[in-house]
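Below is one structure, written out as structure tokens; the observations come after it.
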Amino acid sequence: MPSLSLYIGESQVSALRYKTPASFEFALLPYVFLSELNEESHARERFFDQLIDYFFDKFKIKLGTHELYIIAGFGEKIPLTPTKLFETSSVLRASIQNYHWVFVENSTITTPIDSISYFPYGKDSKFKDGEFVNFISNRALYPQITTSNPKLQNIEDLLIQDLYAQSKNDIASNSSVIFTGSRFTKILQSPAQTYLFAMGLLNNSGFFKVTIDPANKLPLIASLDKTIDDTFEDEFINLGTVLKMVGGGEVLFTKESGGSQLVDIKPNQVFVFPLLESERAKVSVSGKYIGKQENSVRGGKLGFVLDSRDHYYDRVDREWVKVLEERLAAF
């Protein structure tokens with residue numbers, strides 16, 4: 001049977017109507033759920049009903065002709081039937097095997113290993129103080145975690161990075177890593193800042209193929225018990241390859257098409273070699289912590305990025321942003 005999957009993010013709903021690998025469609029619906037409505041009787045029930053109706057109308061779906069899947073941050077009690085309700089981490093852990101995924105929603109970061117949050121919650125994914133801070137992941141309900149400008153977003157990003165750096169979520173070198181969750185739906189506000197945030201969550205030295213999900217499509221794909229293959233690969237942003245080398249070092253970059261460049265990378269620096277997705281290069285690196293390594297890398301929207309920033313930093317250097325902004329402008 002065809003299916004309709006809905007992911008309820010902090011300010012938008014992502015949808016996937018799926019029939020076959022050759023017949024599927026994604027859609028987005030921005031929304032605001034006001035705190036005044038939250039106080040009304042049955043307001044949430046009406047809210048979810050209207051969401052379903054909107055996408056049924058958009059895709060011209062008749063009731064009973066599609067399986068309906070709802071995905072939400074912590075498996076909230078969503079008053080809809082008949083549906084299949086999933087917690088985001090559950091569907092990602094069950095289906096996404098060919099990528100190491102990192103999911104960031106509000107002040108919580110989730111990986112295949114565990115979930116970490118600045119708001120305490122129990123093993124049953126219910127907040128200990130009884131307040132569902134992540135309920136439908138909507139900041140409009142929780143002003144204490146609202147980020148209304150880039151400076152505040154920087155603060156929240158640094159909190160997440162600091163929390164994550166203290167965890168044991170090590171990502172093995174040469175992994176393909178995909179970053180998803182509503183934090184990455186803000187990519188248009190500041191692409192460079194978002195990309196720096198993602199790279200800051202690579203807390204091991206090594207080479208990483210980095211992909212961004214800018215529209216919460218990964219949980220939708222996972223809800224169908226599918227993974228990222230040729231069918232869905234073009235739905236995401238391929239940044240290219242990131243070489244994480246804390247402390248810096250020496251890098252020899254040689255394109256397969258010809259031409260070499262030797263660079264001495266200082267600590268806490270970001271540097272980009274332009275490299276298109278269709279291009280490949282060979283890299284030789286020598287550094288204090290990464291040691292001596294050789295690898296073959298592929299390009300992407302950024303290219304081949306050298307990141308020698310420490311895992312612990314208390315600000316976002318304007319020079320880091322400038323390097324990525326210049327590359328994106330050239331791209």
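Measuring from the lowest to the highest alpha carbon on each principal axis, how far does the stretch 286-331 reach, largest first, in angstroms?
32, 30, 11
Can you list residues from other chains, or at least 5 along the same chain, whose modelled amide H is less than 5 Å from the amide H of Glu279?
Gly299
Quick check on my link table: of Lys255/Lys301; Lys244/Lys292; Lys255/Lys292; Lys244/Lys322, which ones sit more than 25 Å apart, alpha carbon to alpha carbon?
As for pairs spanning more than 25 Å Cα to Cα, there are none.
For the stretch 221-272, count all C-alpha to C-alpha pairs, find those more than 18 Å apart, and express that count as a whole percent of the total.
56
Quick one: grab Rg to one decimal and Dmax as a whole number for the stretch 167-235, Cα atoms only, in Å.
Cα-based Rg and Dmax for the stretch 167-235 come out at 12.8, 34 Å.
Given 10 °C and 1.306 mPa s, how large is the Stokes-Einstein diffusion coefficient of the stretch 228-325 in µm²/s, with Rh as the Kirkwood radius over Cα pairs?
112
Once the piece of chain linking Tyr54 and Ser90 is laid out straight, how much longer is it, given 0.36 nm per residue of separation minus the C-alpha distance between them?
Working it through step by step, the gained length comes to 10.3 nm.
What residues qualify as long-range amide H neighbours of Glu67, i.e. H under 5 Å apart, gap of 5 or more or another chain, H built at 1.01 Å from N?
Answer set, sorted by chain and number: Ser3, Leu4.
Every number here is computed from the coordinates shown, using simple stated rules; none is lab data. Model, not experiment: these values are computed from the prediction.
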